[in-house]
Amino acid sequence: MEYYIEIIILLAPGFIAKEVARALGNVKSKITPIDQVLNYFVYSLFASMWLLLGFVIVRYYIQDSIILGIIMIIVAIVSGIFTGAIWQLVIKGIWHRAMRFITISKDGYEYFQEDTLLNGNLMDGKPHIIEIVRNGNRIARGEFMGASFGSDSLIELKVKSHPHYDGWLDGQYKDYFPYISTYVDVTNGIEIIEYGYPEGFFSGNFDVNKFISSVELEQKFEGAVE
């Protein structure tokens, strides 16, 4: 029975880490069975480091094999969760920024071999304003809320689309929402246009009335100076 517990303790962290990272947004546009095995191996390798550290600490204080086994199962679960979360929330972002800097400095552009540009740039935990266009027709415009991915392509996008965004981005305040970039899904003929926004636009303390008033006051001041 103890051997089964040891096998579970050894195998579980990598699987848990992979699933936690996936749940937090570690999406691959295409992945082969070999890639899955390699990903599991990498997650297991890093998770095992925490597992080994936990074993050394726990083994020093606890001698009873049953209690030790129970605690190590808990440690295996925690190490898997921690490894998956730290990869997706911290290490992956640092890695992508470093690779982006190197590729842009070397080649003049950025490219993704496994991930998608959309996932790498928009699903970064930061707020974004986007516009979705298909065959020249605007589908939605507003705050990007998230996306779901299938095995081969982007399945759906969630956008907080509200008429106010059209007024702000097309009207007299459009200079405060500058164009940033366009992502093109060549296969499905979809364009996703990203815009910038005023500082604090997505914060809970942002008051659109004060923002509009300040913009109008600034425009009146500029007109008076001219």
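Each reported figure results from applying straightforward, stated rules to the coordinates on display, with no laboratory input. Since this is a predicted model, take the numbers as computed values, not measurements. Please note: Cβ atoms are built from the backbone with ideal geometry, for glycine as well, and neighbour counts cover all protein chains shown.
For the set Lys92/Lys126; Lys18/Lys126; Lys18/Lys160; Lys18/Lys158, the pairs lying more than 20 angstrom apart at their alpha carbons are Lys18/Lys126; Lys18/Lys160; Lys18/Lys158.
Applying 1/(1 + (r/R0)^6) with r as the Cβ-Cβ distance of Leu24 and Gln63 and R0 = 41 angstrom yields a FRET efficiency of 0.65. For Val78 and Val186, the difference between the fully extended length at 0.36 nm per residue and the C-alpha to C-alpha distance is 34.7 nm. In this structure, His164 and Ile139 have a Cβ-Cβ separation that, at R0 = 22 Å, corresponds to a calculated FRET efficiency of about 0.80. Scanning residues 5 or more positions from Ile180 or on other chains, those with amide H under 5 Å from its amide H are Glu194, Tyr195, Gly196, with H placed 1.01 Å from N in the peptide plane.
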